[in-house]
Amino acid sequence: MVTIPADLTTFLAENRDVREYRRALAVKLALQGYLYAAISEMLDVTPGFITHAKKAYETQGTAGLTLQYQGTKPYLSSEQRQSVIEWLKQQDEWSIERLQLHIEETYSVVFQSRQSYYQLLADANITYKRVQRANPRMMMHSLLRKKRNNCVPSNSLCIDYGWERCHFISRSMPPHLG
């Protein structure tokens, strides 16, 4: 029986990502002499996966079994991000366009998505919603009142069935009905 290297045994004993553990286990079983078909069936991997993992282990050791992708780097560093949040808190008025301009001028960074700007506002505890100058319900009510006062013909009587409807009845009978 083949002895398993100590570094591989230690690697398997550590709490690892499932993908790294699967690679190490495939290498261990291959070194023990299991057939690639049996390993493929046990671990639900392809024979090419086993070959690739074994070559990576032979050339780089356990470092070859770890995940290589570290993710994309953020556009702003954590210090820059904190600086932008502090800048936002000092402002009296906010807008996405103003924030975008500040970041572009200060850090030469333009985000691909507006969601990044919304997230910065949220991190600064600022809710971003378009401001309405007046309550839309009150605007409708005043508009109807204004319409009722200005549009009533002088010889009509307004019968009000609620603020959203106004019916006009003529005070004088039309000549053809009289």
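The values are calculated or read from the model by the stated rules, or taken from the named source; none is laboratory data. From a predicted model like this one, the values you see are computed outputs, not experimental measurements. Note that we place each Cβ from the backbone using ideal geometry, even for glycine, and neighbour counts take in every protein chain shown.
Would you be able to tell me the number of residues in region 17-43 that are without any contact (Cβ under 8 Å) to a residue 24 or more places away in the chain, over 16 Å from Ile4 (Cβ atoms) and outside any helix (DSSP H, G or I)?
1
Taking Gly48 and the conditions (1) of a type in the set (Gly, Ala, Ser); (2) exposed (fewer than 10 other Cβ atoms within 10 Å of the Cβ); (3) farther than 30 Å from Gln119 by Cβ, which numbered condition does it fall short on, given that it satisfies the others?
(2)
Can you find a residue that is surrounded by 13 or more Cβ atoms within 10 Å (Cβ to Cβ) and either under 30 Å from Thr127 (Cα atoms) or of a type in the set (Lys, Arg) (or both) anywhere in region 51-68?
Looking through region 51-68, at least one residue is surrounded by 13 or more Cβ atoms within 10 Å (Cβ to Cβ) and either under 30 Å from Thr127 (Cα atoms) or of a type in the set (Lys, Arg) (or both).
Considering every residue within region 44-51, establish whether at least one is more than 21 Å from Thr3 (Cα to Cα), at pLDDT 95 or above, in a helix (DSSP H, G or I) and of a type in the set (A, V, I, L, M, F, W, C).
Checking region 44-51: at least one residue is more than 21 Å from Thr3 (Cα to Cα), at pLDDT 95 or above, in a helix (DSSP H, G or I) and of a type in the set (A, V, I, L, M, F, W, C).
Hey, among the residues in region 80-108 that are surrounded by 13 or more Cβ atoms within 10 Å (Cβ to Cβ) and among the hydrophobic types (A, V, I, L, M, F, W, C), which one's nearest to Thr127 (Cα to Cα)?
Residue satisfying both the conditions and the ranking: Trp94.
Taking the condition of being surrounded by 10 or more Cβ atoms within 10 Å (Cβ to Cβ) and polar (S, T, N, Q), how many residues in region 1-45 meet it?
4
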